[in-house]
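Report on the following structure.
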Amino acid sequence: MREKLKALEELQQIDLEMNAVRAEAEGLPARRAELEAKVSEAQRAYEAEKGRLEDNERERRQVESLLAMERDKVKKWEGRLGEIKTPREYAALSREIDIAKKTNETQSEQLKTLAAAAGTLRAAVDQRAEELSEREMATQSDRQGLEQAEAEMTRRLGELDARRAEAVTRVDASLLSRYENIRRRRAGIAVSPVVGATCTGCNRNIPPQLSIVLQRADSVETCPSCNRIIYSAAAVNPPAPDPA
């Protein structure tokens with residue numbers, strides 16, 4: 001019976017290891033999504049700065065076009081001044097020319113402001129592009145790391161599957177069925193060692209008489225509190241004798 005209990009102990013340990021590996025594997029998609037989200041965030045930041053620069057360039061072209069048209073208009077009006085016969089018409093046209101010149105001055109200042117802003121925006125675009133490139137490279141490295149981790153988990157699960165198949169052969173069919181039923185009901189833990197007089201599965205003390213029974217390690221017992229299969233850790237795995 002001691003060997004059967006040891007087989008159950010080993011089977012439980014293998015199942016716990018498999019659960020841990022599966023839980024880690026289940027987290028990989030979220031980690032991948034987090035990596036892609038960071039790239040998308042950097043991409044959006046780059047596109048936003050690029051859009052602002054494009055808006056600036058579009059506005060500058062519009063202002064430049066209007067300014068060129070207004071300057072041509074001023075030249076034409078100034079050319080007509082010599083053809084005007086009456087003082088009244090001359091004064092009116094002169095007034096229009098002055099207004100147009102002031103408008104052109106305002107547009108020229110606006111153009112200077114836009115040109116200065118364009119320099120700042122180009123620097124921001126370059127910075128965002130560099131950040132995006134760095135993020136993409138880091139993400140590529142992280143993706144490779146996740147792929148390697150996934151391959152390692154697959155390898156570990158294969159190894160654990162083989163160990164489990166071998167361990168199952170050393171457990172009676174009826175006991176194995178009992179083990180699986182308890183494992184499903186008890187969050188994957190069906191077998192718990194008793195240390196001292198405490199079940200490590202539920203951290204509750206067992207009756208003294210049951211503790212004595214466990215010391216013999218000649219029967220399969222369950223915890224009165226959590227109903228897990230229990231065994232005496234000291235009885236099933238006694239310390240090695242002192243060489244002295």
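The values are calculated or read from the model by the stated rules, or taken from the named source; none is laboratory data. Since this is a predicted model, take the numbers as computed values, not measurements. Methodologically, a virtual Cβ is constructed for each residue, glycine included, from the backbone with ideal geometry; neighbour enumeration extends over all protein chains shown. Calculation scope for accessible area: heavy atoms of the full protein, side chains included, ligands and nucleic acids excluded. Shrake-Rupley method; radii C 1.70, N 1.55, O 1.52, S 1.80 Å.
Structural remarks
- Interatomic Cα distance distribution for the stretch 124-194, bins of 10 angstrom, percent: 16, 24, 20, 14, 12, 10, 4, 0
- Taking only alpha carbon atoms, the stretch 137-244 gives an Rg to Rh ratio of 1.16, where Rh is the Kirkwood radius.
- Arg164-Arg184 pseudo-label distance in nm [points 7 Å out on the Cα-to-Cβ vector]: 1.5
- In Å², nearest 10: area of Tyr90 left accessible to a 1.4 Å probe: 110
- Linear extension gain, Ser225 paired with Lys112, 0.36 nm per residue minus alpha-carbon span: 32.5 nm
- For the chain, lysine pairs with C-alpha atoms less than 16 angstrom apart, excluding pairs fewer than eight positions apart on the same chain, total 6.
- Rg to Rh quotient for the stretch 1-96, alpha carbon positions, Kirkwood Rh: 1.83
- Two tests apply to each whole DSSP H helix in the chain, Cα reach of 27 Å or more along its axis and mean Kyte-Doolittle hydropathy of at least -1.0, and the ones passing both are 2-26, 87-168.
- Using a probe of 1.4 Å, the accessible surface attributed to Arg216 totals some 120 Å² when neighbouring protein chains are kept in position.
- Among the protein heavy atoms, those of Glu134 account for about 100 Å² of accessible surface (1.4 Å probe, every chain in place).
- Global dimensions of the chain from alpha-carbon coordinates: Rg and Dmax equal 41.1, 132 Å.
- Taking the charge dipole of the stretch 110-244 about its Cα centre, with +1 at Lys and Arg Cβ atoms and -1 at Asp and Glu Cβ atoms, the residue from Val171, Pro208, Leu114 reaching farthest to the positive side is Pro208.
- The peptide list 72-78, 199-205, put in order of mean Cβ contacts within 10 Å with the highest first, becomes 199-205, 72-78.
- 10 Å binning of all Cα-Cα separations within the stretch 17-65, expressed as whole percents from 0 upward: 22, 22, 19, 15, 11, 7, 4, 0
- Each label point was placed 7 Å from the Cα along the Cα-to-Cβ direction; for Glu136 and Ile99 their separation is 5.3 nm.
- Normalised Debye scattering of the stretch 61-189 at q = 0.18 Å⁻¹ gives log10 I(q)/I(0) of -1.04, counting only Cα atoms as equal scatterers and leaving out solvent.
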